[in-house]
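Asker: Before I ask anything, let me first share the structure, which is written out below as structure tokens.
The values are calculated or read from the model by the stated rules, or taken from the named source; none is laboratory data. Predicted model, so just to flag it, every value in this text is computed and none were measured. No Cβ is skipped: glycine too gets one built from the backbone with ideal geometry, and neighbour counts run over all protein chains shown. Keep in mind that these areas ignore ligands, DNA and RNA; they rest on the heavy atoms of the full protein, side chains included. Shrake-Rupley method; radii C 1.70, N 1.55, O 1.52, S 1.80 Å.
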Amino acid sequence: MASPETNRRVLLVKRPTGIPQPDDFGFDHVALEPVGEGRFRVQNLYLSVDPAQRGWASDGTNYAPPVPLGGVMRALAVGVIVESRHADFPSGAHVYGWFGWQDYAVAQPADVLTLFGAPEVPLSAYAGVLGINGLTAYLALDRIGRPEAGETVLVSTAAGAVGSIVGQLARAAGCQVIGLTGDDDKVALCRDRFGYTHAFNYKAGPVETMLAEAAPTGVDIFFDSVGGDMLDAVLRVMRVGGRVVQCGTASVASWVPAPTGLRNEREVLTRRLSWGGFVIFDHQGRFPETMQALVKMIRSGSISYDEDIRHGIEQAPQALVDVYAGRNRGKMLIVPDGAP
Ligand SMILES: NC(=O)c1ccc[n+]([C@@H]2O[C@H](COP(=O)([O-])OP(=O)(O)OC[C@H]3O[C@@H](n4cnc5c(N)ncnc54)[C@H](OP(=O)(O)O)[C@@H]3O)[C@@H](O)[C@H]2O)c1
């Protein structure tokens, strides 16, 4: 158990090749560091488990430098400020930001993505549907997908934290929405809970056959979080003028060495596709308005979300493995021991 004098931390101790495994991480238990001028102490209440942590732990090319070996595993978290030496970040305020897989973080303003008082929806939502997952769904669909009523939108990781929100937003925009996900229970969730017009278990047969049935005239927008063979297959059924949102590459086991495969540039050219990469951290300026829009939709019941909440900081490494194995049901979160 953590006590207010000590901080339990999850450290990256080995550089993973591919998907991080529990033995890539270690634990320690250290005295709380003092809070310097202009800083504040955050008690983490929900630790986020994100597929992106694979990239942050690796030393391959990425949009952020790798987590140093021996350092606290980089992670987003929702917490409460318990001690402050910064007037704009008072004790009692809630924050979502870069606080790491640990019980407590001494943070500075640059570590914070969002600051809020009393939560308007359950606090855990600020780490998922109101965190990078829901914000990515909303902003990447809006900026790169640009859905129009009547279009066909295909979503991979369709039942997950990002995908389930993309599906509901695309449906609300008047689109026909098709989901690809990794087991039959999640297929049912997509159809019954998240409003997909069609959903398929991509492990049950060729994606081409599923799309021939559900989208015989092709796909206008592919919101893709897996890349690899699925992306190769979908590029061949995109409609002229289609848009591909490259949100993630979860199916590619390792980028070192770079994988080789089909050449798809001819599909991009002949189908006049736009293929856009998206990184949520480029869009922080739009977080407040987007969060407000999402809060409204949650409160009105027009979008719903699932969470997979585990207890105990020692669960974090295995939880990341489970996300990559598709065993999560919605946003994967860890509640540290001792969190109120
Ligand atoms: N670009 C950005 O700024 C940004 C921000 C947030 C998230 N993302 C990306 O969005 C994606 C979804 O993230 P999330 O947090 O919402 O996670 P999630 O979808 O809740 O969980 C990850 C899911 O990925 C799927 N998956 C894992 N390995 C796969 C494989 N080999 N082939 C196909 N699917 C696989 C599994 O779902 P199935 O069982 O359905 O296969 C798993 O449940 C990730 O790629 C993540 O990196 C990007």
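Asker: Please work out, to two decimal places, the log10 of the ratio I(q)/I(0) at q = 0.15, 0.18, 0.21 Å⁻¹ from a Debye calculation in which every Cα of the range 294-340 carries one identical scatterer.
Answerer: -0.50, -0.65, -0.75
Asker: Over the heavy atoms of Val72, what accessible area does a 1.4 Å probe trace out, to the nearest 10 Å²?
Answerer: We get 40 Å² for Val72.
Asker: If you stretched the chain out fully between Val256 and Leu269, how much longer would it get, using 0.36 nm times the residue separation minus the C-alpha to C-alpha distance? Walk me through the numbers on the way to the answer.
Answerer: On the way: separation 13, 0.36 × 13 = 4.68 nm, distance 2.77 nm.
My answer for the length gained is 1.9 nm.
Asker: Find the all-direction average of the projected area of the Cα convex hull for the range 150-240, expressing the result in square nanometres with one decimal place. It would help to have the intermediate numbers written out before the result.
Answerer: Numbers: hull surface 20.2 nm².
Seen from a random direction, the Cα hull of the range 150-240 projects 5.1 nm² on average.
Asker: Another question, then. Which of the pairs Lys14/Lys186; Lys14/Lys331; Lys296/Lys331 have their Cα atoms more than 24 Å apart in this structure?
Answerer: Correct reply: Lys14/Lys186; Lys14/Lys331.
Asker: Keeping all protein chains in the complex and leaving out DNA, RNA and ligands, what accessible area do you get for Arg271 with a 1.4 Å probe, in Å² to the nearest 10?
Answerer: 50
Asker: A further question on this structure: Could you put His198, His283, His311 in order of accessible surface area, largest first, with the 1.4 Å probe and the full protein assembly present? Present the calculation step by step, with values, prior to reporting the outcome.
Answerer: Working: His198 55, His283 25, His311 125 Å².
Ranking His198, His283, His311 by accessible area, largest first, yields His311, His198, His283.
Asker: When the convex hull of the C-alpha atoms of the range 202-300 is computed, what volume per residue in Å³ does it have? Don't jump to the answer; show the numbers that get you there.
Answerer: Working: hull volume 16.0 nm³, N = 99.
Spread over its residues, the Cα hull of the range 202-300 gives 162 Å³ apiece.
Asker: If I model a spin label as a point 7 Å beyond the Cα along the Cα-Cβ vector, how far apart are those points for Asp59 and Leu32 in nm?
Answerer: According to this spin-label approximation, the distance is 3.6 nm.
Asker: I'd like the accessible area for Arg243, computed on protein heavy atoms only with a 1.4 Å probe and all protein chains in place. Round to 10 Å², please.
Answerer: Counting only protein heavy atoms, the figure is 20 Å².
Asker: Please report, in whole Å³, the volume per residue of the convex hull around the C-alpha atoms of the chain.
Answerer: On the way: hull volume 43.4 nm³, N = 340.
In the chain, the Cα convex hull volume per residue is 128 Å³.
Asker: In terms of solvent-accessible area of protein heavy atoms at a 1.4 angstrom probe, what is the ranking of Arg143, Arg39, Arg299, highest value first? Mind showing how you got there, number by number?
Answerer: Numbers: Arg143 120, Arg39 85, Arg299 160 Å².
Result of the area sort, largest leading: Arg299, Arg143, Arg39.
Asker: Go through 11-20, 284-293, 331-340 and give me the packing order, highest mean Cβ count within 10 Å leading. Can you show the working numbers first?
Answerer: Numbers: 11-20: 17.0, 284-293: 14.3, 331-340: 20.3.
Highest mean packing first, the order is 331-340, 11-20, 284-293.
Asker: For Ala149 and Glu120 in the same chain, what is the full-extension length gain: residue separation times 0.36 nm, less their Cα-Cα distance, in nm? Write down the numbers at each step before the final one.
Answerer: Details: separation 29, 0.36 × 29 = 10.44 nm, distance 3.05 nm.
Extra length available between Ala149 and Glu120 comes to 7.4 nm.
Asker: Next question. Loop only per DSSP, at most 12 neighbouring Cβ atoms within 10 Å: give me the chymotrypsin sites (Phe, Trp or Tyr not before Pro) in the range 26-112, ordered by residue number. Mind showing how you got there, number by number?
Answerer: Values: sites: Phe27, Phe40, Tyr46, Trp56, Tyr63, Tyr96, Trp98, Phe99, Trp101, Tyr104; in loops: Tyr63, Phe99, Trp101.
When the chymotrypsin sites (Phe, Trp or Tyr not before Pro) of the range 26-112 are filtered for loop state and at most 12 Cβ neighbours within 10 Å, Tyr63 remain.
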